[in-house]
Amino acid sequence: MDVLDATARRRISSRQLSWLERESRAWQESSLIDPAARAAILDRYTAISAERRAITAMTLLAAGMGAVGLLLLIGYNWDQIPRLAKLAIVIGAVAAAFAASAFAYARQRPGVAETLAFFGTLLFGNAIWLVAQVLHIEGRYPDAFLWWGVGALACAWLVRSEWIGALGAAIVLVWVGAEGDFTAHPSPVFVLLWPLAIGVAYSLRSSLMIRVCAPAAALWIFFGGTDNSHTAFWLGGIALVGCGLYGLGRWHEAESRLRRAWESSGLLVLLLAFIPLMFSEIHRGLAAGGVTPLLTAGAVVSAVAAGIAVLRPSRTPADRAVLGTAVAVAVWAVASWSGLFRQTSGFTLSATVLFSVLTLVMAVALIRTALLTDRAMDLGAGVAFALAFLAVRWASIIQNLFWSGLLLLAAAGSLLAVVRLWRGRAHAVAGRAS
């Protein structure tokens, strides 16, 4: 049996490796695996020592302090430096960082190499702005974030770095905001850039990149609808994007980190969209019609993504709640957009009640899913939906001390009940384990 090279092993913490050694020994003693299989399992992992993490942290700190100090010294004398020297310093710093990174990779120093590549990516972004300043290039400032993001994603894919990939995903998110702020219209380049970032995330198996980059789809719809913020397809489209992101997670294995990343991103978008939709003033300000092709396409694609997720087996209460929410939001958006029901008395109240109920349904479904699957993420998300409902509804009746007090007492009792159920689940799991 071939022994894996040290660089090919998966790095885990010392605590995780100790747990694996104890458990694998128990499996061997119970005749579940033989000694050769246990050795092969342990050979797939290597521990990241606390000393190595501390050294890496200090190296990053020292490199950051040195880079900032160097930039301050250069900035102090910037006006006196000739133009060609400025270009040589800016471009040379980027080249030096990546050359040193390549040398470190060649010497089998992946930690140092990744650190140098990370700072090389930062210097690359800095160079975009400084070169434009030195050469007096006037352009669209969002384009600087665009090319910086493309460079960061390419670097992450080449050096297989999750942290550089997360930086690239964050730059994509900033670019979406900058583009929307600059033009008040979404850029069609997003249709190419966002899948590229997601593709790099899957190449690196990085849940962190997905958590950072997935909400950019909702932000793109947000800026794409600012001119039509008086229509139901604006906030409704954002809510449907949240359902679609959650639905994408259902195409992964139940315990996959990528699935949890998609689900948490979708739930975050859904929660942020539901908060304003629980206010009656939002529905009074909505007008019929006025939908744009972008909002329509975004809503339809997201609804289809959520609908296709129905095909996946073993649905949890949270899965069913999100899929039901997607249907309810789509029906409400079409009804509000058509204008057929806007003249009906009680339409605004019905819409307010609808989204308040949907928020409560999501809270209950997520908490129930947490109790069934033992996932703390679902518990936290369920409590977040419940607190959002509480905050909005409490704000609407805060002037009535009687009902305001009753609502807070009911909420406190509900949270205590959830705590009791969660503790009871933990005790039951411990009893089964023993």
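FYI, it's all coordinate maths here, none of it is from the lab. Here the structure is a predicted model, which is why all the values come from computation and not from measurement. Every residue, glycine as well, gets a Cβ built from its backbone with ideal geometry; the counts of neighbours run over all protein chains shown.
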Please work out the C-alpha center-to-center distance from the range 245-281 to the range 143-187 and express it in whole Å.
22
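Between Ala395 and Leu416, what is the FRET efficiency for a Förster distance of 35 Å, r being their Cβ-Cβ separation, to the nearest 0.05? Mind showing how you got there, number by number?
On the way: r = 23 Å, r/R0 = 0.65.
For Ala395 and Leu416, the calculated efficiency is 0.95.
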